[in-house]
Amino acid sequence: MNNNSLQPTYSHPPETKKNSPTRAAVAGMAGGTLEYYDNYIYALAAALVFGKIFFPETGSVATIAALATFAVSYVARPIGAILLGHFGDRVGRKKVLVFILVLMGSATFLVGCLPSYAQIGIWAPILLVTLRILQGISVGGETAAATVLTIEVSPEGRRAFFTSFSPNGIVAGFVLATLIFVPISALPEDQLLSWGWRIPFLLSALVTLAGFIIRAKLDEPEAFVEAQKEHTLVKVPVIEVFRSHWASIIRVTFCSLAFAIDTVIKVFALSLATGVYAIPRSTMLWVLIVSHVFALLTQPLLAKLSDRVGRKPVFIGGNIGCALMIFAYFGSIQSGNIPLLFLTGFLSVACAYAAINATYPSFFAEMFNLKVRQTGMALGLQIGLIAAGFAPSVYTALTAGKPGDWMPVAVISAIISLLAVLSALTAQETFRTPLDRLGKPISATPRHTSAALTADRA
């Protein structure tokens with residue numbers, strides 16, 4: 001299929017003072033921190049308190065209803081990918097980034113202000129679900145928007161490094177949410193249910209303000225501005241991306257199955273360790289906190305490695321590592337050996353999964369042309385993430401009657417990781433491809449010898 005009509009005529013974009021790669025990376029990390037701080041405090045609150053506050057049922061029925069409101073966001077994410085991707089590819093990267101931040105921050109703050117079911121009846125859960133849908137729409141566009149802007153202002157040879165700070169923000173958001181919710185959850189129940197649970201949500205206003213200040217100072221990438229001036233942007237990116245990049249959407253979707261490992265570690269394994277093997281919840285939370293803090297350090301290093309050796313080797317290596325380490329992680333939980341648990345947690349999160357997390361922003365974004373880049377990456381990513389969202393529920397059903405039998409979960413997780421490997425193997429390697437040649441079919445992309453690269457930049 002010929003994509004030549006999609007290729008803009010811009011030269012490699014110069015860096016500006018405002019749109020330096022560092023500033024874009026910081027803006028991406030700030031937004032990722034807010035988005036996933038909000039996402040994780042909602043998950044913790046749904047598991048611990050929302051059933052008692054927003055639903056009239058008691059016991060497990062209320063808890064299930066509360067957790068269902070968390071799952072709603074995964075359905076809303078593809079909608080956010082299409083809507084925000086459309087405006088990002090039509091109106092501007094920076095404008096959408098600011099809007100996403102305000103939308104998530106406002107929705108989260110308002111969750112902390114909601115009256116309970118006892119105060120306003122059925123309107124309480126209705127408003128809660130509405131705000132959760134808005135959060136899902138926001139998350140659906142965040143990673144792609146931040147990645148696309150950063151990649152379009154980053155120098156060739158360092159695109160993975162600078163875009164890795166967006167998933168670093170996701171990790172930071174998880175750590176921040178966990179650290180804040182641990183003391184909050186220790187409050188006496190009457191204080192926790194009356195006002196304590198609201199504090200993490202209201203604190204999101206501070207992160208929103210900081211992120212807004214950083215993102216408001218960004219400019220649109222020069223490449224995008226030139227395409228706007230030349231009137232070469234497509235009118236409906238979602239239609240164009242399915243017409244010209246359908247294979248890349250499928251590829252990103254299957255590669256995104258790798259993120260199911262993350263929910264297995266954070267949700268299913270946490271429940272298994274505390275509920276079946278009686279490992280203290282505080283111990284498991286510290287295993288997760290420590291391993292994710294180390295990931296903040298390893299992810300940029302692994303991203304730099306992918307700038308040297310390629311996206312595919314690092315991404316594929318991370319998936320193979322996850323397929324192996326999931327057995328070791330579950331085994332350490334079953335053994336009850338705490339030092340071993342910390343070690344396997346570190347190897348699983350800060351080494352194997354970090355290789356996936358560090359590489360996927362540049363790997364996925366580089367599969368698409370500028371005119372459909374945000375829509376394509378966001379849509380493929382969020383469709384794949386639906387599997388990650390429902391993985392804990394599926395795994396819990398698999399172990400029904402045998403809650404301690406983690407082997408089926410480990411085997412399926414390994415198979416999912418290998419599916420991501422197979423999908424990645426079909427991708428074109430792009431770490432040395434100039435910005436203006438990204439998104440071409442393999443047959444249309446010349447082999448980049450030193451002479452060809454010199455001619456491309458001329």
How much of the pair distance distribution for segment 78-229 lies past 24 Å, counting alpha-carbon pairs only, in percent? 42
Hey, how many Å between the Cα centroid of segment 194-232 and the Cα centroid of segment 95-154? 12
Quick check: the angle from helix 123-151's long axis to the longest principal axis of the chain, C-alpha only, nearest 10 degrees? 30
Roughly speaking, what is the centre-to-centre gap between segment 233-280 and segment 308-379 when only Cα atoms are used, to the nearest Å? 11
Accessible surface of PHE294 - all protein chains present, 1.4 Å probe, nearest 10 Å²: 90
Of ARG251, ARG432, ARG90, ordered by accessible area with the largest first and a 1.4 Å probe, the sequence is ARG432, ARG90, ARG251
Per-pair calculated FRET efficiency, R0 = 35 Å: ALA118 and SER282 via Cβ, rounded to 0.05: 0.70
Calculate log10 I(q)/I(0) of segment 180-314 for q = 0.11, 0.21 Å⁻¹, where I(q) comes from the Debye formula with a single equal point scatterer on each Cα and nothing for solvent. -0.83, -1.29
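Reported to two decimal places, what Rg/Rh ratio describes segment 265-352 when computed on Cα atoms with Rh from the Kirkwood expression? Show your work: numbers first, answer last.
Values: Rg = 13.9 Å, Rh = 13.5 Å.
Radius of gyration relative to Kirkwood radius: 1.03.
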Sequence-distant lysines (8 or more away, or on other chains) whose Cα lies within less than 21 Å of LYS217: LYS17, LYS18, LYS94, LYS95
Would you mind checking the tilt of helix 311-335 against the longest principal axis of the Cα atoms of the chain, expressed as 0 to 90 degrees and rounded to 10? 10
Using only the alpha-carbon atoms, how far is helix 198-216 inclined from the longest principal axis of the chain? Give it as 0 to 90 degrees, nearest 10. 10
Segment 329-393 - convex hull of the alpha-carbon atoms, volume per residue in Å³: 83
Relative compactness, the chain, computed as alpha-carbon Rg over 2.2 N^0.38 Å: 0.97
Under a cut-off of 21 Å between alpha-carbon atoms, report the lysines in cross-link reach of LYS266, not counting same-chain residues fewer than 8 places apart. LYS402
May I have the extent of the alpha carbons of segment 177-227 along their three principal axes, as whole Å values ordered from largest to smallest? 58, 16, 14
Where the only charges are on Cβ atoms (+1 Lys, Arg; -1 Asp, Glu), what is the dipole of segment 176-241 about its Cα centre, to the nearest 20 debye? 180
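The values are calculated or read from the model by the stated rules, or taken from the named source; none is laboratory data. Quick caveat, the model's predicted, so the values are computed rather than measured. Positions of Cβ are generated from backbone atoms using ideal geometry, with glycine treated the same way; all protein chains shown enter the neighbour counts. With ligands, DNA and RNA removed, areas are computed over all heavy atoms of the protein, side chains included. Shrake-Rupley method; radii C 1.70, N 1.55, O 1.52, S 1.80 Å.
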